[in-house]
Structures are given as structure tokens and as C-alpha cells.
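Enquirer: Right, I'll just put the structure down here and ask away after.
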Amino acid sequence: MREFNVLVVDDEDEFRDLTVKRLEKRGLKAKGAAGGKEALEILEHSHTDVVLLDVKMPGMDGIETLRQIRIMRPLVEVVLLTGHASVDSGIEGMKLGAFDYLMKPIELEPLLEKLGDAYEKKRLHQEKIEQAQMKRHMSMPG
């Protein structure tokens with residue numbers, strides 16, 4: 001698996017810390033945030049490829065955080081985490097541009113696969129943009 005940067009946003013300290021450690025053991029660069037506002041601050045100041053975002057959080061919930069991420073960092077892919085009671089939120093998140101949603105509790109292998117797929121989508125999108133910029137630059141009269 002290629003190395004990329006993941007931000008784990010969840011208000012449950014134990015879940016968040018354990019997930020960050022498990023991702024790091026698999027060679028990913030992972031950071032944790034306890035809520036939406038903290039996540040947006042981290043996104044503003046550091047490189048992030050994929051956000052793993054809990055839907056149910058006090059204060060700014062996952063859906064509002066997703067809206068802000070879309071405005072602030074449109075290329076960052078977001079995978080939502082939902083409980084059984086909030087599947088509707090996962091679907092709403094997809095409509096707002098989330099890459100996908102996963103049900104808690106989540107096994108490590110399917111999580112790694114989903115994060116890898118999300119990163120691949122982001123990487124390909126970034127590549128297309130860079131190629132378009134190169135073509136535009138090369139076609140300018142100099």
C-alpha cells in the first residue's frame with residue numbers, strides 16, 4: 001500500500017487513538033482530531049489526503065464538517081463512519097460528496113481498503129489537474 005496522509009476525526013478518544021496507531025503500523029501517516037473544528041484547523045495547516053470522519057459528534061457534527069471540508073479542501077476525500085442508527089447520515093454525506101461511508105465497528109482490512117480506494121481517487125484527480133495545468137502552460141505563447 002502506498003503511503004498517504006489520513007486524518008481520523010472522532011470524539012471517542014479510545015477509538016480515535018487506536019485507529020491512528022493501527023493505520024501508522026500499516027505505514028500510513030495518521031493524525032487524530034476530537035471534533036470538526038479541530039479537524040478543520042489541522043486541514044488548514046497540514047497535508048491530508050483522506051479524512052475518516054465520524055458522523056455523530058457533539059458540536060459540529062460530521063455532516064457539517066464534511067460541508068466545510070468540501071469548501072476548504074475540495075480534493076480531499078472523506079470516508080464517513082456511521083453507527084447503525086445513522087445510515088441516513090451516511091447517505092446524506094454521499095450526496096454532499098463523501099467518497100463512501102462505513103458502519104462502526106469497522107474491521108481494519110476493509111477500512112484500509114476503503115481508505116486506499118479514496119486515496120487513489122484523490123491521486124488520480126490531482127494528476128488530471130496537474131496534467132491540464134501543464135498542457136495549458138505549454139500552449140501559452142512565450
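The values are calculated or read from the model by the stated rules, or taken from the named source; none is laboratory data. As the structure is a prediction and not an experimental result, all values here were calculated from the model. Ideal geometry is used to build each Cβ from the backbone, glycine not excepted, and the neighbour counts take in all protein chains shown. With ligands, DNA and RNA removed, areas are computed over all heavy atoms of the protein, side chains included. Shrake-Rupley method; radii C 1.70, N 1.55, O 1.52, S 1.80 Å.
Enquirer: In nm, what is the difference between 0.36 nm times the number of residues separating R2 and K121 and their Cα-Cα distance? Walk me through the numbers on the way to the answer.
Expert: Numbers: separation 119, 0.36 × 119 = 42.84 nm, distance 1.30 nm.
Result for the pair: 41.5 nm of gain on full extension.
Enquirer: Send over the per residue convex hull volume for the chain, Cα only, as a whole number of Å³. Don't jump to the answer; show the numbers that get you there.
Expert: Values: hull volume 16.1 nm³, N = 142.
Per-residue hull volume (Cα only) is 113 Å³.
Enquirer: Under a Cβ-only charge scheme (Lys and Arg +1, Asp and Glu -1), can you give me the dipole magnitude of the chain about the Cα centre, in debye to the nearest 20?
Expert: Values: 22 positive and 26 negative charges, 143 e Å.
In total the dipole reaches around 680 debye.
Enquirer: Which angle between 0 and 90 degrees, to the nearest 10, do you get for helix 62-72 versus the longest principal axis of the chain when only C-alpha atoms count?
Expert: 20
Enquirer: Another question about this same structure. Between D88 and D100, what is the label-to-label distance in nm when each label sits 7 Å out along the Cα-to-Cβ direction?
Expert: Distance between the two pseudo-spin positions: 2.5 nm.
Enquirer: What value, in deg cm²/dmol to 500, does the helix sum -39500 (n - 2.57) over DSSP H runs of n ≥ 4 give at 222 nm once divided by the residues of the chain? Walk me through the numbers on the way to the answer.
Expert: Numbers: 5 runs with 75 residues, N = 142.
Roughly -17500 deg cm²/dmol at 222 nm, from the helical runs in the chain.
Enquirer: Right, something else. Can you send over the carbon and sulfur percentage of the accessible area for region 5-139, probe radius 1.4 Å, protein chains only?
Expert: On the way: 3970 of 7510 Å².
On region 5-139, the fraction of accessible area on carbon and sulfur atoms equals 53 percent.
Enquirer: Keeping every protein chain present and rolling a 1.4 Å probe, give me the accessible area per residue for the chain in Å².
Expert: That works out to 58 Å² for each residue.
Enquirer: In nm, to one decimal, how far is the modelled label at S139 from the one at E109, with both set 7 Å along Cα→Cβ?
Expert: 4.7
Enquirer: Apply 1/(1 + (r/R0)^6) to the Cβ-Cβ distance of H47 and K128, taking R0 = 25 Å, and write down the FRET efficiency to the nearest 0.05. Don't jump to the answer; show the numbers that get you there.
Expert: Numbers: r = 19 Å, r/R0 = 0.75.
Once the sixth-power term is evaluated, E becomes 0.85.
Enquirer: How far is helix 108-139 tilted, in degrees, relative to the longest principal axis of the Cα atoms in the chain, given as a value from 0 to 90 rounded to the nearest 10?
Expert: 20
Enquirer: For a quick check: with amide H placed at 1.01 Å from N, whose amide H comes under 5 Å from F4's, ignoring anything fewer than 5 positions away on the same chain?
Expert: Close amide H contacts, sequence-distant or interchain: K29.
Enquirer: Tell me the angle of helix 13-25 to the major Cα principal axis of the chain, expressed in degrees between 0 and 90 and rounded to the nearest ten.
Expert: Compared with the principal axis, the helix lies near 50 degrees.
Enquirer: Shifting gears a bit: Would you mind checking which residues have amide H under 5 Å from V9's amide H? H placed 1.01 Å from N; only 5 or more apart, or other chain.
Expert: The list, which skips near neighbours in sequence, is A33, L52, L53, D54.
Enquirer: Whose amide H sits under 5 Å from the amide H of Y101, counting only residues 5 or more places off or on another chain, with H placed in the peptide plane?
Expert: It is L80, by chain and number.
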